[in-house]
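Take a look at the structure below.
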Amino acid sequence: FAKGDEVWVWTLVKGAAAGDLIKHVWKKDGTVDWTRELKLGGARWTTNSRRKVKPGKWTVEVQAADGNKLTEVAFTVE
């Protein structure tokens, strides 16, 4: 990605209940930059968050409401 690009992270959740929460935790160079809580609408739900990004190494952790990491995606911005 390039500086200033808008990056979207999509998450498909299966087996949840309507009203459950997950979090997208955006980290730049290992430091939390932004966190977004996302409310789920049903047992199978797709949700997303997005950011305009600055140069660096990024990860977006998908966390359960209790903070347990479910998965993550990593990318670099030049």
Query raised in the report: Quick one: how many residues across the stretch 9-21 are surrounded by 10 or more Cβ atoms within 10 Å (Cβ to Cβ) and touching a Ser or Thr at 6+ places or on another chain (Cβ under 9 Å)?
Result: 4
Report summary line: Flagged in the stretch 13-52 as out of contact with any strand residue (DSSP E or B) (no Cβ under 7 Å at 6 or more places or on another chain), more than 19 Å from Asn68 (Cα to Cα) and among the charged types (D, E, K, R), in numbering order, are none
Requested in this report: Within the stretch 61-75, identify whether any single residue is surrounded by 11 or more Cβ atoms within 10 Å (Cβ to Cβ) and without any contact (Cβ under 8 Å) to a residue 12 or more places away in the chain, and answer yes or no.
Outcome: yes
**Report entry** Among residues of the stretch 53-78, those that are outside any strand (DSSP E or B), touching a strand residue (DSSP E or B) at 6+ places or on another chain (Cβ under 7 Å) and more than 23 Å from Ala18 (Cα to Cα), counted
**Finding:** 3
Requested in this report: Inspect the stretch 41-50 for any residue being hydrophobic (A, V, I, L, M, F, W, C) and in contact with a Ser or Thr (Cβ under 7 Å, 6 or more places away or on another chain) and give the result as yes or no.
Outcome: no
Query - Yes/no for Gly56 being exposed (fewer than 14 other Cβ atoms within 10 Å of the Cβ) and not aromatic (Phe, Trp, Tyr) - result: no
Report summary line: The condition from (1) open to solvent by 70 Å² or more (accessible area, probe 1.4 Å); (2) under 9 Å from the mean Cα position of the chain (by Cα) that Ser49 misses is numbered (1)
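The values are calculated or read from the model by the stated rules, or taken from the named source; none is laboratory data. Note that this is a predicted model, so its numbers are computed, not measured. Cβ coordinates were reconstructed from backbone atoms using ideal geometry, including for glycine residues, and neighbour counts include every protein chain displayed. Surface areas here come from the heavy atoms of the whole protein model, side chains and all, with no ligands, DNA or RNA. Shrake-Rupley method; radii C 1.70, N 1.55, O 1.52, S 1.80 Å.
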